[in-house]
Amino acid sequence: MKTYYEALKIEENASPKEIKKAYRALALKHHPDKGGDENNFKDLKQIYEFLMDPVKRKKYDANLKKYREEVAERERIKESGLETKVAKMEIKTAKVEFKQATIRYGQSNIKYR
């Protein structure tokens, strides 16, 4: 996943002045009148406007941090081998819940293994 900062080729702690400078350089390069792709140009403009709004940028940074923490946690689980154990436990739990539901609702025509 490419972040907004990576798209503008700037650091995450870039100042508004640095964001504007990076945007202008990339906008010139990707402008449709200069032979660039219109969709890339629109994306860059949207990213620039988003990062220049302090409230939106703060929320984006918080969500980006949360996303990175979740990815790191998944990697730790995967490396430790817990991922397979957790998946097997979830399958067993689902089977038990299914059996309980069929018993509770009068042993309908649903068969389970």
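The values are calculated or read from the model by the stated rules, or taken from the named source; none is laboratory data. Only a predicted model underlies this, so the values are computations on that prediction, with no experimental measurement involved. Note: ideal-geometry Cβ built from the backbone for every residue, glycine included; neighbour counts use all protein chains shown.
Take Leu26 and tell me if it is within 18 Å of Thr3 (Cβ to Cβ) and touching a helix residue (DSSP H, G or I) at 6+ places or on another chain (Cβ under 8 Å). Break it down into steps so the answer makes sense when it comes.
On the way: within 18 Å of Thr3 (Cβ to Cβ): yes; touching a helix residue (DSSP H, G or I) at 6+ places or on another chain (Cβ under 8 Å): yes.
Here the answer is yes, as Leu26 does meet what is asked.
Can you tell me which residue is farthest from the chain's Cα centre (by Cα) among those in the range 1-15 that are surrounded by 15 or more Cβ atoms within 10 Å (Cβ to Cβ) and in a helix (DSSP H, G or I)? Among those residues, the one meeting the criterion is Leu8.
Pairs linking a residue in the range 29-56 that is closer than 13 Å to Pro16 by Cβ and at pLDDT 90 or above to a residue that is surrounded by 15 or more Cβ atoms within 10 Å (Cβ to Cβ) and among the aliphatic types (A, V, I, L, M), with Cβ atoms under 6 Å and 6 or more positions apart or on different chains, are Leu51/Ile19.
Would you mention how many residues in the range 21-41 are in a helix (DSSP H, G or I) and surrounded by 15 or more Cβ atoms within 10 Å (Cβ to Cβ)?
The initial filter retains those residues of the range 21-41 that are in a helix (DSSP H, G or I), namely 21-30, 32-34, 38-41.
Filter again for surrounded by 15 or more Cβ atoms within 10 Å (Cβ to Cβ), leaving 22-23, 26-27, 30, 40-41.
Summing the residues that are in a helix (DSSP H, G or I) and surrounded by 15 or more Cβ atoms within 10 Å (Cβ to Cβ) in the range 21-41 gives 7.
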